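K.L.:
Below are the structure tokens for one structure; questions will follow.
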Amino acid sequence: MALNVSQKLIESHLAEGELTPGAPVAITVDQTLTQDATGTLVMLTLEALGLDRARTELSAQYIDHNLIQEDHKNPDDHLFLISAARRFGLWCARPGTGVSHPLHMRYFGRPGATMLGSDSHTCAAGSLGMLAIGTGGIDVAMAIAGEPYRIAMPEIWGMRLTGELPDRVSAKDVILEMLRRHGVSGANKRIVEYHGPGVASLSAMDRHVIANMGMEMGAVTTVFPSDAETKRFLESEGRADVWQEIVADDGATYDLEEEIDLSALEPLIAKPSSPGNVVPVREVAGEDIYQAYVGSSANPGFRDFAVVAEMVRGKTTPPHVSLDVNPTTRDLVSDLARTGQLFDLLGAGARLHQAGCNGCIGMGQAPATGRNSLRTVPRNFPGRSGTREDSVFLCSPETAAASALTGRITDPRDVEAEIRSTDPPQPPTRSLASFEQPLPPEQAAKVELVKGPNIESLPELEALPDELDIPVLLVAHDDISTDEILPAGAEVLPFRSNIPRIADFAFRDVDPDYVERAREARDAGGHVIVGGRNYGQGSSREHAALAPRHLGLRVVAAESFARIHRRNLINYGVLPVTFADPADRQRLGRDTRLRFTGLREAIMGSDHLSAEVLPEGASLKLILDLSDEERDLLAAGGVIARFRAREA
């Protein structure tokens, strides 16, 4: 049988199942990636599991999200993560080293490997010919403990690329074109695999840009072949020994097929406030801007900064424009300094920030109220920037640079600039000085976890009862994101290791009264949330499931769910159900009560569930679309409870 790249990667790691779309599969995991916004829960889970040492080929912890140290909370978490990496045998990149995804690609990624990451943009590693999947932290903890990752076999969507990108059009425009065509849920339950003659014209970091934002379409992951360009990239990083060729067999087929002619693309931009709200730049050209923000895991490569430096060299941005340069790694700053392009940026008026995620998740660099911000980040969900009423556009570095120079949204093809070179110096800067290597087992076993006063152990969560009579406390809109369920930003994320405290922010910007009403309902048995389509899109942040669960959430009834958030709900014992008739969503309002009986029996043996709508007593039909493994999890009360029962 001729296999495509995705099928080869899965087949070589298949612990259970078969390559039939929709069939349950279990995949062995070679590597894991964690970052500090989600990694604290991963490490607390490892502690709760009683794990002795990581059972993966390689696991790496990065501290890249919560770098602002306005009080003790973030630095305390940093010390906790460093101690946990030492205790459990992980690599650790200390604060200031840079963003996890480009660092992992350069230092640890290898073609043919599987990786699970507690960051939704883990899929960026697909640029190297890896099968890299973003999940909730508890799934990553289980992978570190040696458990395979279980998922329904995805459909493989073959995206054939032809041609080459025109001048001033770059990789960001490729993924924006995908989002323009298919929106934020168009790749749900699918792996997007890029192939065809156009792939050869894309550098490894171009592929990273495209793979990174596949998550914004709801994709399970994105996969590129490991080819001559992959080999060139790894050779430049001094890691040629890990390269292997992985390409689709002759005659390989895909479950779905589509084509993009790269030469026909033009500069694109995603308008506020969704990555799927994409139009050509020329359609919004002329609108004034306040900020042009360059950097993030979505555009992390040297050329993404160098092209901006080349376009602004010898020029100055207008006084009302903030050109924010957010370098993705410390190595990158060194390389930009070596080429002189760092000084071109500073000379144009750029503000240089520390290496990390920063403004991408609202951790600094928030835009002014009522002003437009152009950003090369992956998401522009409402309020994610740190400004509640924000107006964020997603664009390429070329569009950001052109707009920074003119003070208004500008098609980069309309700005004159001599671009000399966007190639990094050779060899590029590589330093392991900011990484801690795993300790030998005998030393690791003696390490004590360092817990500051803001770090709480995971709360105990009981399994679903057989009967529930609980109110609907909130009705959510379509495409509600995890940033709206539980905000990111400098005010909220420092409490990521303190579930009772971070729960205070749940649905803050959607329903300010939710937390108070949830606490009242919790003592009476809990509550239900009603959602629309694509409930829980965006970040893998499992706090968006765990915080409402701590407040008594027992059931979410929606038209459809985003993949990662749905799994996070199950992992913490919250039942996700869908409407048999989507019109039934309109029957349920705030404070409607739902009565469930025979709940545990239905979870274990049925594809349907009935609820009584009170006070009228009408019946509501719901769908239980659960795998056998997910049924076991819900019956046990979640992942941790089931693992403890198995290990006992």
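The values are calculated or read from the model by the stated rules, or taken from the named source; none is laboratory data. Given the structure is predicted, the values throughout are model-derived calculations rather than measurements. Cβ atoms come from the backbone with ideal geometry, glycine included; neighbour counts cover every protein chain shown. Accessible surface is based on the protein model in full, side chains and every heavy atom, while ligands, DNA and RNA are left aside. Shrake-Rupley method; radii C 1.70, N 1.55, O 1.52, S 1.80 Å.
K.L.:
Please compute the net charge surrounding Asp331, taking Lys and Arg as +1 and Asp and Glu as -1 over other residues with Cβ under 11 Å from its Cβ. If you can, show how the numbers build up before the last one.
P.N.:
Details: positive: Arg106, Arg330, Arg338, Arg430; negative: Glu237, Asp335.
With Lys, Arg at +1 and Asp, Glu at -1, the net is +2.
K.L.:
Need one number: % antiparallel among DSSP beta bridges in the chain, to the nearest 5.
P.N.:
Details: 31 of 88 bridges.
Roughly 35 percent of the DSSP beta bridges within the chain come out antiparallel.
K.L.:
Further, regarding this structure: Can you pick out the pairs among Lys172/Lys315; Lys73/Lys271; Lys189/Lys621 whose Cα atoms lie more than 26 Å from each other?
P.N.:
On the way: Lys172/Lys315 24 Å; Lys73/Lys271 34 Å; Lys189/Lys621 24 Å.
Beyond 26 Å between Cα atoms: Lys73/Lys271.
K.L.:
Assuming a ≥ b ≥ c are the square roots of the Cα gyration tensor eigenvalues, decide whether region 213-357 counts as rounded (a/c under 1.5), prolate (otherwise, with a/b larger than b/c) or oblate.
P.N.:
Since a/c reaches 1.5 but b/c is at least a/b, the shape of region 213-357 is classed as oblate.
K.L.:
Of Val447, Leu432, Leu458, whose Cα points farthest to the positive end of the dipole of region 383-470 (charges on the beta-carbon: +1 Lys, Arg; -1 Asp, Glu; origin at the Cα centre)?
P.N.:
Most positive-ward Cα: Leu432.
K.L.:
I would also like to ask the following. What residues from region 407-421 fall in the zone where the backbone N is under 20 Å from a label point 7 Å along the Cα-to-C-beta line of Asp167?
P.N.:
410-421
K.L.:
On to the next question. Tell me which aspartates and glutamates have Cα within less than 15 Å of Lys446's Cα, excluding those fewer than 8 residues away on the same chain?
P.N.:
Glu47, Asp52
K.L.:
What residue among Leu14, Leu41, Ala85 has its Cα farthest toward the positive end of the dipole of region 1-86, where the charges are +1 on Lys, Arg and -1 on Asp, Glu, each on the Cβ?
P.N.:
Of the options given, the answer is Leu14.
K.L.:
Below 8 Å between Cα atoms, with a sequence gap of 6+, how large is the relative contact order for region 134-256 in percent? Present the calculation step by step, with values, prior to reporting the outcome.
P.N.:
Values: 154 pairs, mean separation 35.6, N = 123.
So the answer I get is 29 percent.
K.L.:
Using θ = phi - 60° and the Karplus form 6.51 cos²θ - 1.76 cosθ + 1.60, what ³J(HN,Hα) does each residue of region 87-103 get, whole Hz, x for Gly and Pro?
P.N.:
Result, ordered by residue: 5, 9, x, 10, 5, 9, 9, 6, x, x, 5, x, 6, 4, 5, x, 5 Hz.
K.L.:
Let me ask something else. Taking Cα centroids, how far is region 270-297 from region 590-648 in Å?
P.N.:
Taking the Cα centre of region 590-648 as reference, the centre of region 270-297 is 42 Å away.
K.L.:
Which FRET efficiency value, to the nearest 0.05, do you get for Ala228 and Glu456 by plugging their Cβ-Cβ distance into 1/(1 + (r/R0)^6) with R0 = 51 Å?
P.N.:
Values: r = 50 Å, r/R0 = 0.99.
Efficiency computed from Cβ-Cβ geometry: 0.50.
K.L.:
Let me check against my output: what whole-number percent is the relative contact order of region 194-283, with C-alpha pairs under 8 Å and at least 6 apart?
P.N.:
Computed value for region 194-283: 22 percent relative contact order.
K.L.:
Keeping all protein chains in the complex and leaving out DNA, RNA and ligands, what accessible area do you get for Trp91 with a 1.4 Å probe, in Å² to the nearest 10?
P.N.:
Approximately 40 Å² of Trp91 is accessible to the 1.4 Å probe.
K.L.:
Here's something else I'd like to know. Long-range amide H contacts for Gln35: which residues qualify at under 5 Å (H placed 1.01 Å from N, peptide plane, sequence gap of 5 or more or a different chain)?
P.N.:
Residues meeting the amide H criterion: Tyr62, Ser118.
K.L.:
Another question, then. Roughly speaking, what is the centre-to-centre gap between region 441-518 and region 69-140 when only Cα atoms are used, to the nearest Å?
P.N.:
Using only Cα atoms to place each centre, the spacing works out to 21 Å.
K.L.:
Show that you can apply the helix-only estimate: for the chain, add -39,500 (n - 2.57) for every DSSP H stretch of four or more residues, divide by all residues, and state [θ] at 222 nm to the nearest 500.
P.N.:
Values: 22 runs with 188 residues, N = 648.
Helix-only estimate at 222 nm: -8000 deg cm²/dmol.
K.L.:
Can you pull out the trypsin sites (Lys or Arg not before Pro) in region 437-538 that DSSP calls coil and that have at most 11 other Cβ atoms within 10 Å?
P.N.:
Numbers: sites: Lys446, Lys451, Arg496, Arg501, Arg508, Arg517, Arg519, Arg522, Arg533; in loops: Lys446, Lys451, Arg496, Arg508, Arg533.
The qualifying sites are Lys446.
K.L.:
Also, I was wondering about something else. Kindly identify region 1-120 as rounded, prolate or oblate by the Cα gyration tensor criterion: order the square roots of the eigenvalues as a ≥ b ≥ c, call it rounded if a/c is under 1.5, otherwise compare a/b with b/c, prolate if a/b is larger, else oblate.
P.N.:
Working: a/c = 2.57, a/b = 1.94, b/c = 1.33.
Verdict is prolate for region 1-120.
K.L.:
Hey, another quick one. State the percent of C-alpha pairs, over all pairs in region 363-480, separated by a distance greater than 16 angstrom.
P.N.:
When all Cα pairs of region 363-480 are counted, 81 percent exceed 16 Å.
K.L.:
For the chain, give the magnitude of the charge dipole about the Cα centre (Cβ charges: +1 Lys/Arg, -1 Asp/Glu; no others), in debye to the nearest 20. Before the final figure, lay out the partial values.
P.N.:
Numbers: 64 positive and 91 negative charges, 227 e Å.
The calculated dipole for the chain is roughly 1100 debye.
K.L.:
Additional query: If I fit a long axis through the Cα atoms of helix 171-182 and take the longest principal axis of the Cα atoms of the chain, what angle between them do I get, 0 to 90°, rounded to 10?
P.N.:
It is inclined by approximately 40 degrees.
K.L.:
Moving to a separate point now. Kindly identify region 51-112 as rounded, prolate or oblate by the Cα gyration tensor criterion: order the square roots of the eigenvalues as a ≥ b ≥ c, call it rounded if a/c is under 1.5, otherwise compare a/b with b/c, prolate if a/b is larger, else oblate. All intermediate terms of the calculation are to be shown ahead of the outcome.
P.N.:
Working: a/c = 3.70, a/b = 1.34, b/c = 2.76.
Oblate shape, in that a/c is at least 1.5 and b/c is the bigger or equal ratio.
K.L.:
Let me ask something else. Figure the gain on full extension for Arg430 and Arg413 (residue separation times 0.36 nm, minus the Cα-Cα span) and round it to one decimal in nm. Write out the running numbers ahead of the final one.
P.N.:
Working: separation 17, 0.36 × 17 = 6.12 nm, distance 3.40 nm.
Length gained, Arg430 through Arg413: 2.7 nm.
K.L.:
Which far-off residues, 5 or more places away or on another chain, put their amide H under 5 Å from the one on Leu624, with H placed in the peptide plane?
P.N.:
Residues meeting the criterion, in which the H sits 1.01 Å from N, are His608, Leu609.
K.L.:
Now a separate question. For mean projected area of the Cα convex hull in nm², one of (i) 36.1; (ii) 29.9; (iii) 26.8 was computed from the structure I shared and the rest are decoys. Which label?
P.N.:
(iii)
K.L.:
Between region 1-65 and region 302-325, how many Å separate their Cα centres?
P.N.:
Region 1-65 and region 302-325 have Cα centres spaced 39 Å from each other.
K.L.:
Next up: Would you mind counting up the charge near Pro471? Only other residues with Cβ under 12 Å from its Cβ, with Lys and Arg at +1 and Asp and Glu at -1. Walk me through the numbers on the way to the answer.
P.N.:
Numbers: positive: Arg517, Arg522, Arg554, Arg590, Arg593, Arg595; negative: Asp469, Glu520, Asp591.
Net local charge, Pro471 excluded: +3.
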